[in-house]
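K.L.:
What follows is a single structure, and I will ask about it in a moment.
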Amino acid sequence: MSRITFLGHAALHIEAEGLNALVDPFLTGNDQAPQGPEAFSDLNYIFVSHGHGDHLGDAVELAKRNKATVVTNVEICQYLGGKGVEMHPMQVGGRFAFPFGRVKMTPAIHGSGIQAAEGPAICGGDPAGFVFELEGKKLYYAGDTGLSMEMQLIGEEGIDLAFLPIGGNFTMDIEDAVRAVKLIRPKRVVPMHYNTFPVIKADPQDFARQVAGMTEAVVLQPGQSVEM
Ligand code: NI
Ligand code: MN
């Protein structure tokens with residue numbers, strides 16, 4: 001059994017056979033995060049969906065201290081090169097069999113620019129999500145994305161648990177996330193990427209009501225977990 005803990009915004013802690021990972025570890029500066037980066041030790045992987053600060057977050061510091069491997073796109077790996085971080089580059093559509101299970105990098109409709117100290121953003125490649133195969137179950141982490149027909153293809157893989165953004169403005173809102181559920185048909189769904197900033201205000205219970213009958217919605221408070 002794997003355990004997935006919601007760390008607020010779009011950050012997850014995944015504990016499974018052979019895997020102790022954070023996904024999009026935006027902890028420092030995230031008012032929703034129940035813990036800071038110092039709370040995590042013995043991480044072996046860190047997954048980063050795209051280059052925006054609310055996803056790249058504390059990835060570099062955590063990867064160095066834990067000697068964890070950062071799994072992200074080729075361009076973000078190039079940006080991380082020279083920072084003393086172990087990396088595993090992937091690209092959208094690619095799948096790889098890690099020792100703990102297979103991971104596929106899925107398409108997302110979004111941006112991925114990395115905020116530079118000054119000047120224009122640094123190229124962060126294509127934004128993505130991930131499908132994790134953990135102990136025979138499939139977890140789809142959508143990342144930041146708009147609604148897309150690609151989700152129908154992801155759904156064909158048989159998704160046990162999906163984390164979908166619902167906050168609107170930068171990603172799908174509730175209306176489109178409900179349509180995403182129709183395409184993905186996950187057994188269970190957890191809403192994310194809402195209420196962190198004023199422009200992504202959304203009521204997760206409204207989302208839960210609208211998907212009732214299609215899937216089981218699980219609304220997690222930061223720090224709460226779901227088992228898969
Ligand atoms: Ni983003
Ligand atoms: Mn974001």
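The values are calculated or read from the model by the stated rules, or taken from the named source; none is laboratory data. Note that the coordinates shown come from a computational prediction; the quantities given were computed from them, not determined experimentally. Here Cβ is always computed from backbone atoms with ideal geometry, including for glycine, and neighbour counts include all displayed protein chains. The accessibility values were calculated without ligands, DNA or RNA, using every heavy atom of the protein model including side chains. Shrake-Rupley method; radii C 1.70, N 1.55, O 1.52, S 1.80 Å.
K.L.:
Restricting segment 152-175 to residues that are more than 15 Å from the chain's Cα centre (by Cα) and within 16 Å of ligand 1 (Cβ to nearest atom), which is nearest to V218 (Cα to Cα)?
P.N.:
Across segment 152-175, the extreme among qualifying residues is D173.
K.L.:
Now, a different point. Look through segment 146-159, keep the residues that are touching a helix residue (DSSP H, G or I) at 6+ places or on another chain (Cβ under 8 Å) and not in a loop (DSSP other than H, G, I, E, B), and return whichever of them is most open to solvent (accessible area, probe 1.4 Å).
P.N.:
Within segment 146-159, the match that is most open to solvent (accessible area, probe 1.4 Å) is Q152.
Residue by residue, here is whether (1) over 29 Å from G53 (Cβ atoms); (2) of a type outside the set (A, V, I, L, M); (3) touching a helix residue (DSSP H, G or I) at 6+ places or on another chain (Cβ under 8 Å) holds:
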position: D144; (1), (2), (3): no, yes, yes
position: L161; (1), (2), (3): no, no, no
position: G167; (1), (2), (3): no, yes, yes
position: A177; (1), (2), (3): no, no, yes
position: K182; (1), (2), (3): yes, yes, no
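K.L.:
Mind telling me which of the residues P191, P204, P186 ends up being more than 16 Å from ligand 2 (Cβ to nearest atom), open to solvent by less than 30 Å² (accessible area, probe 1.4 Å) and free of Cβ contacts under 8 Å to residues at least 40 places away in the same chain?
P.N.:
On the way: P191 fails: more than 16 Å from ligand 2 (Cβ to nearest atom); P186 fails: free of Cβ contacts under 8 Å to residues at least 40 places away in the same chain.
The conditions single out P204.
K.L.:
Report yes if K137 is more than 19 Å from the chain's Cα centre (by Cα), more than 15 Å from ligand 1 (Cβ to nearest atom) and open to solvent by 50 Å² or more (accessible area, probe 1.4 Å), otherwise no.
P.N.:
The answer is no for K137.
K.L.:
Could I ask something else about it? Looking at segment 1-47, which of its residues are open to solvent by 10 Å² or more (accessible area, probe 1.4 Å), of a type in the set (V, I, T) and either in a loop (DSSP other than H, G, I, E, B) or touching a Leu at 6+ places or on another chain (Cβ under 6 Å) (or both)?
P.N.:
T28
K.L.:
Answer yes if at least one residue in segment 110-125 is under 17 Å from the mean Cα position of the chain (by Cα), within 16 Å of ligand 1 (Cβ to nearest atom), outside any loop (DSSP other than H, G, I, E, B) and under 19 Å from A11 (Cα atoms), and no otherwise.
P.N.:
The initial filter retains those residues of segment 110-125 that are under 17 Å from the mean Cα position of the chain (by Cα), namely 110-114, 124-125.
After this cut, where a residue has to be within 16 Å of ligand 1 (Cβ to nearest atom) as well, the list is 110-114, 124-125.
Of the ones still in play, those that are also outside any loop (DSSP other than H, G, I, E, B) are 114.
Add one more test, that the residue is under 19 Å from A11 (Cα atoms), and what stays is 114.
Checking segment 110-125: at least one residue is under 17 Å from the mean Cα position of the chain (by Cα), within 16 Å of ligand 1 (Cβ to nearest atom), outside any loop (DSSP other than H, G, I, E, B) and under 19 Å from A11 (Cα atoms).
K.L.:
Could I ask something else about it? Might you let me know whether segment 171-181 holds any residue that is over 18 Å from H110 (Cα atoms), open to solvent by less than 30 Å² (accessible area, probe 1.4 Å) and assigned to a helix (DSSP H, G or I)?
P.N.:
Yes, segment 171-181 has at least one match.
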